[in-house]
Amino acid sequence: VNRCLEAVDTAQQTLESSEQAKSTADANLRSATAELQNASAELTRLKAEEQAISNFLEVSEDDLWPPLIDTVSVKPGYEVALGMALGEDLNVPSNEAAPIHWRTLTPLPNALALPAGAIAMSDLVNAPSALSRRLQQIGVVDTDHQGEALASNLAQGQRLVSREGGLWRWDGYTISSQAITPTAARLEQRNRLLEVRNLLKAATSSVEKFDLVHKAAVAAERSSRAAEHSARDDLREAYQSLNSAREALASEKETTAVHKARIHSLQESL
């Protein structure tokens, strides 16, 4: 009986440890499942956004002369300024076979300097060389206040734009920063597309990582569940052995008591 009691105690401790391991495995699995679901949802959202932007920016394959806007990239934060500076002119191709096009000319040898404090748009944009002359003569300022202050210093053919979207031309033509052009929106979408594609790479890696973690958590949960079931079976068998031992002991005690009574009776008879 004592050995059976020890076995029961050992089995009970094993079951408690198994239950704790199972609880930890369950928690890890829930956490891994939530992380995988969140990462998958983010990946799905980014794929949908990429598709939507791609559809918005899509250029027809039948277009013999794709517009310059699809070959221009601008530093993030300056999309509005570039869109305001060139407007619909960016929708014209550089292919000289097109009825309307940009010709590629050599840079002006004696180009006039922009007003002090303005940054040349050419320093902020990657564009075909056909736009070089135009971009060199567009100054960029941070605020409308700066643009208004420097506008009177513009030389013939020059213009200023602000990051807020204002435009000042050398001849006095002015556009308020409240007027957002479709070209600026397209440029913003192009930059967003590049950003989304970078995010997609990171999101794909995250899903792959969390998928591995989730699979490991599933395997650990199954293993802990099997260990818990085994520990319960062992404890049940230990109790059965204990009950059998107690019944055997009780039977032996009963037999011993009968024998003692018989001996006592025989002793009295003797």
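The values are calculated or read from the model by the stated rules, or taken from the named source; none is laboratory data. If you're wondering where the values come from, they're calculated on a predicted model, not measured in any experiment. Neighbour counts are summed over all protein chains in view; Cβ atoms, including those assigned to glycine, are modelled from backbone coordinates with ideal geometry. The accessibility values were calculated without ligands, DNA or RNA, using every heavy atom of the protein model including side chains. Shrake-Rupley method; radii C 1.70, N 1.55, O 1.52, S 1.80 Å.
Is there a residue in the stretch 133-149 that is among the β-branched types (Val, Ile, Thr), in contact (Cβ under 8 Å) with a residue 24 or more places away in the chain and either within 16 Å of residue 70 (Cα to Cα) or surrounded by fewer than 19 Cβ atoms within 10 Å (Cβ to Cβ) (or both)? No, the stretch 133-149 contains no residue that is among the β-branched types (Val, Ile, Thr), in contact (Cβ under 8 Å) with a residue 24 or more places away in the chain and either within 16 Å of residue 70 (Cα to Cα) or surrounded by fewer than 19 Cβ atoms within 10 Å (Cβ to Cβ) (or both).
Regarding residue 42, is this residue more than 26 Å from residue 237 (Cβ to Cβ) and surrounded by 12 or more Cβ atoms within 10 Å (Cβ to Cβ)? When the stated conditions are applied, residue 42 passes them. If you go through the stretch 116-132 and keep only what is surrounded by 14 or more Cβ atoms within 10 Å (Cβ to Cβ) and under 36 Å from the mean Cα position of the chain (by Cα), you end up with 119, 120, 121, 122, 124, 125, 127. On the stretch given as the stretch 150-169, residues that are in contact with a helix residue (DSSP H, G or I) (Cβ under 8 Å, 6 or more places away or on another chain), open to solvent by less than 20 Å² (accessible area, probe 1.4 Å) and not in a strand (DSSP E or B) total 2. Considering the stretch 48-72, and only residues there that are under 19 Å from residue 90 (Cβ atoms) and of a type in the set (D, E, K, R), the residue that is modelled with the lowest pLDDT turns out to be 63. Being open to solvent by 90 Å² or more (accessible area, probe 1.4 Å) and either touching a residue at least 40 places away in the same chain (Cβ under 8 Å) or under 27 Å from residue 153 (Cβ atoms) (or both) is the filter here, so list the residues in the stretch 94-115 that pass it. Of everything in the stretch 94-115, those that are open to solvent by 90 Å² or more (accessible area, probe 1.4 Å) and either touching a residue at least 40 places away in the same chain (Cβ under 8 Å) or under 27 Å from residue 153 (Cβ atoms) (or both) turn out to be 106, 109, 110, 112. When each of 231, 257, 245, 250 is tested for being under 55 Å from the mean Cα position of the chain (by Cα) and either open to solvent by less than 60 Å² (accessible area, probe 1.4 Å) or farther than 30 Å from residue 68 by Cβ (or both), the lone residue that passes is 231.
Only a single criterion out of (1) of a type in the set (S, T, N, Q); (2) modelled with pLDDT of 90 or more; (3) open to solvent by less than 80 Å² (accessible area, probe 1.4 Å); (4) closer than 30 Å to residue 229 by Cα is not satisfied by residue 12, namely (2).
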